[in-house]
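Q: Before we start, here is the structure in question, set down as C-alpha cells.
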Amino acid sequence: MAEIGFYHLTRTGPDEALPRLLGRTLEAGERAVVRCSSEARVAALDETLWASRDPAWLPHGTASDGDADLQPIWLTTEDGAPNGARFLFLIDGAESARLDAFARVFDLFDGNDAAALQAARARWRAAKEAGHALTYWQQGERGWERGG
C-alpha cells in the first residue's frame, strides 16, 4: 500500500506549490513522476520547472526529451514510472490505477474549485477503501499544515 498525501491548495496553485515539494523529493534522494491531465499541461509545467527559483534547479524531462531513465523528475500524462520513481505527484485531477507501485503519492488539488474538491473527496474515499495510508495537508500562512 502507498502512503498518499492529499494536498489542499488554498493559497497558491500547483505551479507554485509543486517545485518545493519536488525539491524536497530530490533532497531525500528520491525520483518523481508528475502525472498531468494533458500534453499541453506537461509542456507548460516543463517551462515552469525550468524557470523555478525555489529551488533553482529541478532536473526533469518529458517524452519529447526522451531518456526517461536519466531523469530524476518525469512529467507525463501516462500512468507509469519509466524513470524508476517511487514518488508520484498527481495534479489537476489526474489519477492513477497504479498507486500500489509507489511508496508515496502526492495528490495536489485546488481547494477553491468546487468540482476539484468533490473529485479529491472521491479519490480520498477510494484510496481509503483500498487500504492506503492517508494524510491530509492544507496550505496555511506558514506552509503546509497537517489536518485531521
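The values are calculated or read from the model by the stated rules, or taken from the named source; none is laboratory data. Bear in mind the structure is a predicted one, so any value in this text is a computation, not a measurement. A quick note on method: Cβ atoms are made from the backbone with ideal geometry, for glycine too, and the neighbour counts reach across all protein chains shown.
Q: What about W57, is it without any contact (Cβ under 8 Å) to a residue 12 or more places away in the chain and outside any helix (DSSP H, G or I)? Reasoning before the result, please.
A: Values: without any contact (Cβ under 8 Å) to a residue 12 or more places away in the chain: yes; outside any helix (DSSP H, G or I): yes.
Considered against the rule, which asks whether it is without any contact (Cβ under 8 Å) to a residue 12 or more places away in the chain and outside any helix (DSSP H, G or I), W57 comes out as yes.
Q: Looking only at region 38-54, filter to residues that are in a loop (DSSP other than H, G, I, E, B) and out of contact with any Leu (no Cβ under 9 Å at 6 or more places or on another chain); which one of those is modelled with the lowest pLDDT? Can you show your working first?
A: Within region 38-54, the subset in a loop (DSSP other than H, G, I, E, B) is 38, 51-54.
Checking the rest, the ones that are also out of contact with any Leu (no Cβ under 9 Å at 6 or more places or on another chain) come to 38, 51, 53-54.
Numbers: S38: 96, A51: 94, R53: 91, D54: 88.
Looking at the filtered set, the residue picked out is D54.
Q: Can you tell me which residues in region 77-94 are assigned to a loop (DSSP other than H, G, I, E, B), on the phi < 0 side of the Ramachandran plot and touching a residue at least 60 places away in the same chain (Cβ under 8 Å)? Working first, answer last.
A: From region 77-94, those assigned to a loop (DSSP other than H, G, I, E, B) are 77-86, 91-94; that's our starting set.
Those left that are additionally on the phi < 0 side of the Ramachandran plot: 77-83, 85-86, 91, 94.
Scanning region 77-94 gives a single hit, I91.
Q: Only residues in region 122-148 that are under 16 Å from F106 (Cβ atoms) count as the first member; pair them with residues that are polar (S, T, N, Q), Cβ under 6 angstrom, at least 6 apart or cross-chain, and list the lot.
A: What qualifies is Q139/T10; E145/Q138; G147/Q138.
Q: Residues in region 101-114: is at least one more than 20 Å from L21 (Cβ to Cβ) and without any contact (Cβ under 8 Å) to a residue 40 or more places away in the chain?
A: Filtering region 101-114 down to residues more than 20 Å from L21 (Cβ to Cβ) leaves 114.
With without any contact (Cβ under 8 Å) to a residue 40 or more places away in the chain added as a condition, the list becomes 114.
Looking for residues that are more than 20 Å from L21 (Cβ to Cβ) and without any contact (Cβ under 8 Å) to a residue 40 or more places away in the chain, one finds at least one in region 101-114, hence yes.
Q: Let me confirm something: among L49, L45, L26, L22, which residue is within 11 Å of the chain's Cα centre (by Cα) and of a type in the set (A, V, I, L, M, F, W, C)? Give the steps one after another, and end with the answer.
A: Numbers: L49 fails: within 11 Å of the chain's Cα centre (by Cα); L45 fails: within 11 Å of the chain's Cα centre (by Cα); L26 fails: within 11 Å of the chain's Cα centre (by Cα).
It is L22.
Q: I'd like the residue in region 60-76 that is of a type in the set (A, V, I, L, M) and either touching a residue at least 60 places away in the same chain (Cβ under 8 Å) or outside any strand (DSSP E or B) (or both) and, out of all such residues, is farthest from F109 (Cα to Cα). Don't jump to the end; show me each part of the working.
A: To start, the set of residues in region 60-76 that are of a type in the set (A, V, I, L, M) comprises 63, 68, 70, 73, 75.
Now drop any that are not either touching a residue at least 60 places away in the same chain (Cβ under 8 Å) or outside any strand (DSSP E or B) (or both), which leaves 63, 68, 70.
On the way: A63: 24, A68: 26, L70: 28 Å.
Taking the candidates together, the pick is L70.
Q: Need a quick list: strands (runs of 3 or more DSSP E) entirely within region 104-148 having at least 1 residues that are surrounded by fewer than 16 Cβ atoms within 10 Å (Cβ to Cβ).
A: On the way: elements: 104-110, 133-140, 143-147.
Ranges flagged: 133-140, 143-147.
Q: Considering (1) surrounded by 15 or more Cβ atoms within 10 Å (Cβ to Cβ); (2) without any contact (Cβ under 8 Å) to a residue 60 or more places away in the chain; (3) not hydrophobic (A, V, I, L, M, F, W, C), say which one Y7 fails and leave the rest.
A: Of (1) surrounded by 15 or more Cβ atoms within 10 Å (Cβ to Cβ); (2) without any contact (Cβ under 8 Å) to a residue 60 or more places away in the chain; (3) not hydrophobic (A, V, I, L, M, F, W, C), only one is false for Y7: (2).
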